[in-house]
Amino acid sequence: MMLITKSKVASKLHLSLFSTLALSAICCSSLIPQGAALAGETKEAKDECSVTCVDPHAACVESQKVIDTLHEMAKAINKGDFEHFAEYFDDNVTTFDDITKQLLVGKQQVIARIKERYEQSVQASENHAVSYTIYQPYAKVKGNTATVTCVLRKVMGGKRPVVFESHDTKVFVKEGDKWKELHSQGLWKKVSS
């Protein structure tokens with residue numbers, strides 16, 4: 001019979017807490033300083049949007065690769081580089097369009113809709129930067145499939161900045177050594193204006 005003392009339990013809890021804090025300290029770099037969409041940004045800043053990851057959590061080394069993929073996708077869309085952005089999608093990707101209430105199937109259809117909504121956001125933000133922040137992305141990998149949950153926040157600049165938030169679930173599939181989005185589900189809601 002094994003006797004576990006309070007000090008052993010406290011030591012294990014301390015180690016577990018330390019590990020959790022170490023994992024949550026991993027941060028993604030931003031393209032523009034946070035808040036640039038709210039301040040008077042320069043012309044150069046208007047051409048790119050910011051990406052910041054707050055408290056990402058990777059369940060394992062492979063999970064970190066999925067989170068890194070999510071970060072690269074965000075950087076590509078923020079630059080308006082939809083050709084590069086599309087490289088991170090499986091050919092059979094699906095998503096449900098919350099506005100049209102339609103299931104979108106296939107890379108071409110999904111990318112076209114994302115591009116359309118991106119252009120609408122830039123136009124609605126009076127051609128100021130649109131800042132995206134990814135909060136607490138968590139990736140769970142099982143074999144060649146990964147499930148990612150995160151909170152996305154979009155700040156549309158201009159005279160009166162508007163903030164939207166979406167709680168997203170994404171499914172990725174590993175193709176060779178790259179992770180590609182297979183399905184995404186989220187719903188953008190205005191949280192402040």
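Please treat every number below as a calculation from the coordinates, not as lab data. All of these numbers come straight from a predicted model, not from anything done at the bench. In this analysis, Cβ positions are derived from the backbone assuming ideal geometry, glycine residues included, and neighbour counts consider all displayed protein chains.
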Computed FRET efficiency, Cβ-Cβ of Leu187 and Arg160, R0 30 Å: what is it to the nearest 0.05?
0.85
With a 24 Å threshold on alpha-carbon distance, the violating pairs from Lys101/Lys170; Lys107/Lys170; Lys75/Lys142; Lys107/Lys159; Lys101/Lys178; Lys115/Lys142 are Lys75/Lys142; Lys107/Lys159; Lys101/Lys178; Lys115/Lys142
Between Glu83 and Gln102, with labels modelled 7 Å along Cα→Cβ, what's the label distance in nm to one decimal, could you check?
2.7 nm
Based on other C-beta atoms within 10 Å, arrange Glu119, Glu72 from fewest to most.
Glu119, Glu72
Using 0.36 nm per residue of separation minus the Cα-Cα distance, give me the extension gain between Val151 and Val171 in nm, one decimal.
5.7 nm
